[in-house]
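Heads up: the structure comes next, in structure tokens.
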Amino acid sequence: MAAARRLKRVAISQPGFLTLNPKVTPTDLVSSRRKRVNKNKKKNWNKYSDVQDVEEFLEDVRHQERTTGKGKSSRPLRIDLILQHDSLVAPPKDVLAYQKPNAKKLRRTAERAEKLAANGVVPRSKKRLLNRTVVDRTSKKTETEANNNPERDFYDIWGQETKDLGEPWYLQQTRKKLVKRPEKLNEKPSVLPAVEVIAPGGSYNPDFFSHQELLREAHEVELKKKKVEDKLERQLAYNKADTATEETILREQVEGLVEESEEEEEKDAPKEDGEEVAVGAIAVADKKTERQRKREKAEKMKEQQRLTERRQTEQQQQLFQLRSIKTSIKQQEETTQIRQKRRKAKEEAQKAQPRRLGKLKFQPQDMEVQLSDELAGSLRQLKPEGSVLMDRFKSLQKRNLIEPRERAKFKRRLKVKYVEKRAFKEIS
């Protein structure tokens, strides 16, 4: 059977073979046999799938949409028909949909606005709108000029003044206006320079007098430190005469063991007298008579009248003391001005001093100075003093940029346990 098919295909493929149907070519007969293709791959599925009928249908739909403007009427799906509302009972109304939030408050506001409008009172919001500058809408918009226009205005892009690009209110509403920077942020924390220039005496080849001046300043600093240490020693010192001896120790140990009968008798005697005094101190206050009350009331009124007359007399006397009062006021003003100047000078001096930013106080760096016999004649023989890193660190603290710090102390939680290994134990 397979051999007959193969023979038929070979005969049809020969040139000059005539078929019974003139419309059919020999190649169609050969290719009419179904080709078996594995369609489990996307490539073969796209290649050997027949989608001609789908393409013709879509082309027909597009043609109808182009000509009539309407496509083929598609029937709704059954699931859509099932979900359609076919009940004759109307759904209940949603009451919350008809309610407005703050309706009562809005109604009161509207009524108040109507009353104010009837009285001729203009609300504040409308006043703001009326006070706004009227923009000329008829004027043409400013067009950006070309860069190659020689008649355009000169504008320095690196200048400090900013170019006015529109109305301030418009820039504020359109969020194009920059936020105003607080003036406090422009102030530096300290007026000191970042790098302080050392005194002339700190040079590698200084003048004699300038070097001696630097040595004198260093000497004064050391004297201040010595005074502080001496003061601390005096505060911690104690009198050696108050040291405990054997006699004082024995007296403290024996104290309280001796009989104190005489002292107890002396203490009991004043207690009895005190009881008698306490009993006798209780006395009934006598009731005042009507005459005494009237006399006290009259004396009180006389005292108030006397104080009023004295106050009036003092006020009258002040009229004759205007010159002295003016002089005293002038002196007070001068004193106030002097105090203000002194306070201002103190504030200016405080700006150059480091502030207290943390729990530690700023400790200035030791002066870097060399003695006369340590001075070098050239840079090659110069010995460096201090540390650049420590100098920068102290400068940051002095200019109030960081708080004064000290090196953290390492505290071991647990004690170190020493264990002798077995191998070492065998050797030892």
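Throughout, read-outs are computed from the coordinates displayed, never taken from laboratory work. Bear in mind that the values here come from a model prediction, so they are computed numbers and not experimental data. Here the Cβ is made from the backbone with ideal geometry for all residues, glycine too, and neighbour counts use every protein chain on show.
A few remarks follow.
- Taking a straight line from the alpha carbon of Lys39, these lysines sit under 26 Å away, with near neighbours fewer than eight places off in the same chain left out: Lys47.
- Cross-link reach list, lysines versus Lys288, counting only Cα pairs under 22 Å and skipping chain neighbours closer than eight places: Lys297, Lys300, Lys302
- For Lys288, net neighbour charge (Lys/Arg +1, Asp/Glu -1) across residues whose Cβ lies under 11 Å away: +2
- GluC sites (Glu not before Pro) restricted to DSSP loop in region 320-428 with at most 15 other C-beta within 10 Å: Glu368, Glu385, Glu406, Glu420
- When each of Lys359/Lys411; Lys359/Lys394; Lys361/Lys415 is checked by Cα-Cα distance, pairs over 24 Å: Lys361/Lys415
- Shape category assigned to region 33-126 from the gyration tensor of Cα positions, a/c cut at 1.5: prolate
- Stretch gain in nm, segment Lys177-Arg355, where the contour uses 0.36 nm per residue and the Cα spacing is subtracted: 60.4 nm
- For region 290-365: rounded, prolate or oblate by the Cα gyration tensor [a/c cutoff 1.5]: oblate
- Each peptide in 87-93, 207-213 gets a packing score, the mean of other Cβ atoms within 10 Å over its residues, and the list from highest to lowest is 207-213, 87-93.
- Of the trypsin sites (Lys or Arg not before Pro) in region 159-247, the ones in a loop by DSSP (not H, G, I, E or B) with at most 10 other beta carbons within 10 Å are Lys163, Arg175, Lys176, Lys180.
- Listed cross-link partners Lys105/Lys126; Lys326/Lys346; Lys224/Lys341 are compared with a 24 Å cut-off, the Cα-Cα value being larger for Lys326/Lys346; Lys224/Lys341.
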